[in-house]
Structures are given as structure tokens and as C-alpha cells.
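Visitor: Pasting a structure here, questions to come.
The values are calculated or read from the model by the stated rules, or taken from the named source; none is laboratory data. Note that the coordinates shown come from a computational prediction; the quantities given were computed from them, not determined experimentally. Heads up, the Cβs are rebuilt from the backbone with ideal geometry, glycines too, and the neighbour counts pull from every protein chain shown. The protein model used for the area step is the full one, side chains on, heavy atoms only, and it has no ligands, DNA or RNA in it. Shrake-Rupley method; radii C 1.70, N 1.55, O 1.52, S 1.80 Å.
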Amino acid sequence: MSRVTEQYQRACQSLAGGVSSSTRLNRAVGHAMYFDRADGCRLEDLDSREYIDLCCSHGATLLGHGDARVRRAVEAALARGAACSYENEQTAELAELLCEVIPCLERVRFTGSGTEATMHCIRLARAFTGRGKLLKFEGNFHGYHDQVMFAIGTPADQLGSEEQPTAYPGSTGMTPGLQEQIIVVPYNHVDLLERAFQQHGHELAAVIGEPIYYNAGCILPNPEFMTALRELTRRYGVLLIFDEVLSAFRMGISGAQGYLGVTPDLCTLGKAVGGGYPLSVFGGRRDIMDRLMPIGDCQHSGTYNGHPVVVAAALAAIRAYREPGFYDHIHAVAELLFAGLTTLFAKHGINARVQGLGARFGVYFGIDREPRNYRDVVHHQRNQMLRFIKIAIEHGVYFHDYGGAACHHGFCAAMSIADTNEVLARLDKALAVFDL
Ligand SMILES: Cc1ncc(COP(=O)(O)O)c(C=O)c1O
């Protein structure tokens, strides 16, 4: 028996479902993956099979695995004793760096995960505005806490009308009554956004949204939609929160907000911000952030917030993102990879659409036009996608399936042009045996 299968069976005896995170099961292969060694863009599993990684720790390892700059910074922090739950020089250094590179940031706070960042950010928005309701976009994902686990992977037959999408719960066990605090609007729909503001604008504390909707692969916002969003939130005194947990640093150092030229009031950062270590950030306008204790009355605390090892890793990672040529390389790989995949699908007669920006992308099977929102992607050919992922994995290219409607994939900066060509060559072989 393979060591991977053996390990999965063993884990299932003590770890619920065999995993530490439910979406870690890759449904395309029917088990979790066990990558014991990793270097740059390559992973090696327990059976010594090698893969080029197009998941990249769900977006956390933008530099690649085992980056030497991050490792040195982590080792130096460990050597200094890594006294946690106190402040140190690097906490302020990292805060300054983030305020310098991300447009909306005047003040920041550190927490551990994307989930915590959105949770605290929403509490702060409610404290600042004195209002309770939250508007979110259908399908956008903001973490696993009860406030936002609505309308994230709604089954096609439960969507409701476009005018009134259901706030379909993403889990059982959620606090009763929270649904009433959520207004759901389809992404990229200016008319319905205006209508929602006419009806609920004065009750809303905040709008939270993905400025680039990467959780559905890669869906870009229409310029009119972004303009309306910024204008309506200002007019109604509603805070605009960009959830940049997945988008930050992906296509440029200033995140999606810099790329789009739209500055929110608050934003959250996660994944790539920690260079592969568990750091997340929320921050924004100084007058709002000053509402946090100990200045104000809104609580945000945590024993492991701003852990010295993680802060050191983040400093090293963001400095690496700022090195000359970093994003030129990301965009060169993106261009080659996305065009190459599109050509391969056409060559093998597969109706699949590749959409990406910077280091992350989506592949949509059986969709003929550019998807603009969740409703456009929910009908993609999920079973075909699973077969593709399985065959890609068998040929040494790792894609992850998240179990939802669409998936996001990505590459790291350690992936060279030669590695990219190798990905395309491996997938060419895989698609030759792909059963439509
Ligand atoms: C946009 C967005 N927000 C929040 C989260 C939650 O982050 P975490 O998994 O670190 O809790 C994710 C995770 O995928 C995300 O993509």
C-alpha cells in the first residue's frame, strides 16, 4: 500500500475526517495529500512522488516553499528567544511597512488567520458606525466565523432570485438569527447594489467584499461596480471593507486596492502577508482604528497576535515582494501559463476557460462566456474539473479541489519560465489521456 494511503487511513483513526481543516481533503483524489518535503515550486509526497505546486498552500506561499530569506528571518527570531505576547521592534517595523505599501492603511492590527481578521474588522465597523447590518456579495468568502458564513457555496437550486438571493448558511450550528443581519447582493450588479442601499443603506455598518473575486477562480469587478460601491458606501456612511486575504500581493505590492485604484475604509490581509506563516492583518483609517482598545472601546486581543516568528517571516516576505523585478516575473509566468493552458485545452478539444490575474487563476469547465459572478460559475462542469485535477495530479501537477462550486489555483514566484513550460508539458500528456 502507498504510504500516502496508509497515512490517511491512520489519520482517520484520531483526526476527525483525517484532516486538520475540512477543505484539506482533495475530493479529486479522495484523500488528503501528505507533502513531507517542499522546495520552491515543488512538493514531494510520502511516496517520493514529485509535483509542481499550483495550489501554493491555498495562496500562503507566494514566494515558494522554504524561501531562504524567510527561513533566515525565522531562525533569527527563534535565536532571540521568540518571546511572544509582548511587542518588539519588528512589530512596529512591519506595521510601518504595511502602512507604506497598502493604500488604505493608516493603522494596523495583527491577528492569526483570515477568519480572525474579518471577524475583528466587522466588530470594529459595527462599533464605529453604531449599526448592525452587513452587506456581502453572493459567493464571496470571508472566513469561517458565523457573521459571514452565508451565501458562500449556495447550491444552484437554493440561490433564490437575483433580486433577493438567499443568505444560505455555509454550515450547520450557526448562531440563530444572524441571517437577519446579512444582506446578500450578486457581485458586479450595480442596479441591485443601488436597490439594496435604498432599502438598507441607513442600517448597514459595512459592506465586505473581495475586490478581486479570487475565491471563484478569478472574477474581476466591473469599473462601474467598484465606482458605485465606493460612492454608495460614502453617501450612506457605510464602511467599505476590502477582504484582501487572498488578493493582497497577488498582482502588485499595493494589493487589489492599488491595482483597481479604489481605496476602502478598512481592509484585511492574510495568506501571503505572512510568507507561509500564520499572520493576518486588519487595518485602515486612523479614526476608525483608534476606536480599538486601549484608545477606544472596541476589543481586539489575542495571546498569539503578532508572534515574533511570524512577524519576522512577514517582514522578510514583504521585503522580497518589493525587490525589483518581482512582479515582472509574476506577470511573465502568468502570461505564459494562462495562454499555455488555454492553448492546451483547445488542442485537446476541452471546453475550459482560464481566467487569472497575477499569481492566481481559475479554470472553468463548460462555460462559454466570461463569468461575472457566482451565478455564472455555479453551473460549471464540476465533475469534469475533478477528473482534470485527478489526472493532473497523476502527471505531477498539483491542483487542489476545495469542494465548492469553483476553485482557485495559483503559482509562486519560485516558479521559473522553465518550470512553467514543464507544467504545460506534463499537462499536455495528462490531457492526452483525459476522459471527457
Ligand atoms: C478572501 C478570504 N477571506 C478570508 C479567508 C479565511 O482565511 P483563513 O483560512 O486564514 O481563516 C479566506 C480563506 O481562504 C479568503 O480567501
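Visitor: Filter the chymotrypsin sites (Phe, Trp or Tyr not before Pro) in region 19-112 to those in DSSP coil with at most 11 other Cβ atoms within 10 Å of their Cβ, and list the result.
Guide: The qualifying sites are Tyr86.
Visitor: Express as a percent, rounded to the nearest 5, the fraction of DSSP beta bridges in region 68-321 (both residues included) that run antiparallel.
Guide: Just about 40 percent of them are antiparallel.
Visitor: If you put +1 on each Lys and Arg Cβ and -1 on each Asp and Glu Cβ, how big is the dipole of the chain around its Cα centre, in Debye rounded to 20?
Guide: For the chain, the charge dipole is close to 260 debye.
Visitor: May I ask which residue of Gly81, Thr91, Ser247 lies farthest towards the positive end of the charge dipole of the chain, with charges of +1 (Lys, Arg) and -1 (Asp, Glu) on Cβ and the Cα centre as origin?
Guide: Gly81
Visitor: Further question: Helix-only estimate, please: 222 nm mean residue ellipticity of the chain, summing -39500 (n - 2.57) across DSSP H runs of length 4 or more and dividing by its residues, to the nearest 500.
Guide: -11000 deg cm²/dmol
Visitor: Still on this structure, I have one more. Determine the gain in length on full extension of the stretch Cys12-Met293; use 0.36 nm per residue of separation and subtract their C-alpha separation, reporting nm with one decimal.
Guide: Stretched out fully, the Cys12 to Met293 stretch lengthens by 96.9 nm.
Visitor: Related question: Would you grab the residues whose amide H sits under 5 Å from the one on Gly306? Only those 5+ places off in sequence or on another chain, please, with H modelled 1.01 Å from N.
Guide: Thr111
Visitor: On to the next question. Using R₀ = 35 Å, calculate the FRET efficiency as 1/(1 + (r/R₀)^6) where r is the Cβ-Cβ separation of Arg24 and Arg195; round to 0.05.
Guide: Between Arg24 and Arg195 the formula returns 0.35.
Visitor: Which order do the peptides 125-135, 223-233, 58-68 take when ranked by the mean count of other beta-carbon atoms within 10 Å per residue, highest first?
Guide: For the peptides 125-135, 223-233, 58-68, the packing ranking is 58-68, 125-135, 223-233.
Visitor: Output the Cα-based Rg and Dmax of the chain in Å, rounding Rg to one decimal and Dmax to a whole number.
Guide: Looking at the chain, its Cα Rg and Dmax stand at 21.3, 63 Å.
Visitor: In region 68-321, carbon and sulfur make up what percent of the accessible area (probe 1.4 Å)?
Guide: Answer for region 68-321: carbon and sulfur cover 50 percent of the accessible area.
Visitor: Considering only DSSP beta bridges whose two residues both sit in the chain, what percent are antiparallel, to the nearest 5?
Guide: Counting only bridges with both partners in the chain, antiparallel ones make up about 60 percent.
Visitor: How charged is the neighbourhood of Phe326? Take every other residue with its Cβ under 13 Å from the Cβ of Phe326, and add Lys/Arg as +1 and Asp/Glu as -1.
Guide: So the surrounding residues net to +1.
Visitor: Among all lysine pairs in the chain that are eight or more places apart or on different chains, how many have alpha carbons less than 24 angstrom apart?
Guide: 4
Visitor: So, R0 is 22 Å and r is the distance between the beta-carbons of Ala432 and Ser48; what FRET efficiency does that work out to, to 0.05?
Guide: So, using R0 = 22 Å, E works out to roughly 0.35.
Visitor: Sticking with this structure for a sec: Residue by residue, what Karplus-based ³J(HN,Hα) values in Hz, rounded to whole numbers, does region 382-391 have, using 6.51, -1.76 and 1.60 with θ = phi - 60° and x for Gly and Pro?
Guide: 4, 5, 5, 4, 4, 5, 5, 4, 4, 6
Visitor: Mind jotting down the distance between the C-alpha centroids of region 97-146 and region 357-404, whole Å?
Guide: Each part's Cα centre sits 28 Å from the other's.
Visitor: Also, I was wondering about something else. Tell me, what is the per residue accessible area of region 169-265 in Å², probe radius 1.4 Å?
Guide: I get 35 Å² per residue for this part.
Visitor: To continue, here is another question. Please pull out the direction-averaged projected area of region 68-321, using the convex hull of its alpha-carbon atoms, in nm² to one decimal place.
Guide: So the mean shadow area of the Cα hull is 13.4 nm².
Visitor: Can I ask one more? May I have the extent of the alpha carbons of region 250-336 along their three principal axes, as whole Å values ordered from largest to smallest?
Guide: That gives 50, 32, 18 Å along the principal axes, largest extent first.
Visitor: Considering only DSSP states other than H, G, I, E and B, which trypsin sites (Lys or Arg not before Pro) in region 356-418 qualify as loop sites with at most 10 other Cβ atoms within 10 Å?
Guide: Arg369
Visitor: If you keep only loop residues by DSSP, which trypsin sites (Lys or Arg not before Pro) in region 63-101 have at most 10 other Cβ atoms within 10 Å of their Cβ? Mind dumping the intermediate values first?
Guide: On the way: sites: Arg69, Arg71, Arg72, Arg80; in loops: Arg80.
Taking region 63-101 and a limit of 10 other Cβ atoms within 10 Å, no loop trypsin sites (Lys or Arg not before Pro) are found.
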